[in-house]
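Peer 1: First the structure, then my questions, so here it is.
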Amino acid sequence: MAMPPIMYGTAWKAERTEALVVQALHAGFRGVDTACQPKHYNEEGVGAGVRRGMEELGLTRGELFLQSKFTPLRGQDPNRVPYDKTAPIPTQVQQSIAATLNNLQTDYVDALLLHSPLSSHEETMQAWRQLEEHVKTGVIRRLGISNCYDPKMFQRLYNDAHVKPTVLQNRLYRDTGYDAELRALCRERGITYQSFWTLTANPHILASAPVQAAATRLGATPAQVWFKFVSRAGCVPLTGTTSGAHMAE
């Protein structure tokens, strides 16, 4: 399954996750992003929503793009870690992937991302090597990383990886210069840049005169104009809207 041009993000949906994923699939979304991180994601609810949506819409697994993440220990709620927090990093990754497959009721994921770099490059590579083993078996179709804003760090990961990252998922906002250097690197390497907080972090753009004028001229919303601009710039935006109207837009 090719990555869709826009993905549905499922963070912070809690007990509403299943119903919102079903709603998103009915609205036409075919890509869903989650994480094995109970602190912010209800991955089991994502799996239940995907299963229900597939049954109601007559979809096959091959028509959906499911993406999850391995979240390092420092990003987990210490009381709800989905793997043995005392285990070596490769074992943590292995247990997290097993939990993801069980939660999503699938035997593979289309993409698996490191939720962030680990404490050192050496630890990051320990996790990456374990992810690569799951690519070999077909459990993971592509690899990537999220929350990596240092071009040198990303380039080092790329250089040292046997299975190269094909996804970089970052917050797209002014504070990082909209990741201009990283996005250029992604274009050069054929890596998909996914953006999150695409709307939330950019209210000044949505309210800007050019976006407002384009929205009026096209009969669209400012959000639609910005999403289209971001897409044409080579990014795949995530949206976590809970509004049925906004999903349809």
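Peer 1: With in contact with a Phe, Trp or Tyr (Cβ under 8 Å, 6 or more places away or on another chain), within 27 Å of V50 (Cα to Cα) and aliphatic (A, V, I, L, M) as the only criterion, which of A161, A111 stands out? Spell out how you get there, then give the answer.
Peer 2: Working: A161 fails: within 27 Å of V50 (Cα to Cα).
On inspection, the qualifying residue turns out to be A111.
Peer 1: Any residue that is open to solvent by 50 Å² or more (accessible area, probe 1.4 Å) and closer than 20 Å to L112 by Cβ - is there at least one of those in the range 187-203?
Peer 2: Yes, the conditions are met somewhere in the range 187-203.
Peer 1: Go over the candidates L131, L104 one by one and state the one that is within 19 Å of G9 (Cβ to Cβ) and crowded, with 21+ Cβ neighbours inside 10 Å.
Peer 2: Numbers: L131 fails: within 19 Å of G9 (Cβ to Cβ).
Every option except L104 fails the conditions.
Peer 1: Please identify the pairs in which a residue from the range 138-162 that is more than 28 Å from D107 (Cβ to Cβ) and aliphatic (A, V, I, L, M) has its Cβ atom under 8 Å from the Cβ atom of a residue that is modelled with pLDDT of 95 or more and surrounded by 17 or more Cβ atoms within 10 Å (Cβ to Cβ), counting only partners at least 6 apart or on another chain.
Peer 2: Every condition considered, the pairs that remain are M153/P117.
Peer 1: Any residue at all in the range 205-227 that is under 30 Å from L113 (Cα atoms) and open to solvent by 70 Å² or more (accessible area, probe 1.4 Å)?
Peer 2: no
Peer 1: Quick test of your reading of the structure: D179 fulfils all but one of (1) surrounded by fewer than 18 Cβ atoms within 10 Å (Cβ to Cβ); (2) at pLDDT 95 or above; (3) among the acidic types (D, E). Name the failing condition by number.
Peer 2: (1)
The values are calculated or read from the model by the stated rules, or taken from the named source; none is laboratory data. Everything quoted here is computed from the prediction, not taken from an experiment. Note that each Cβ is placed from the backbone with ideal geometry, even for glycine, and that neighbours are counted across all protein chains shown. These accessible areas exclude ligands, DNA and RNA; they are computed on the full protein's heavy atoms, side chains included. Shrake-Rupley method; radii C 1.70, N 1.55, O 1.52, S 1.80 Å.
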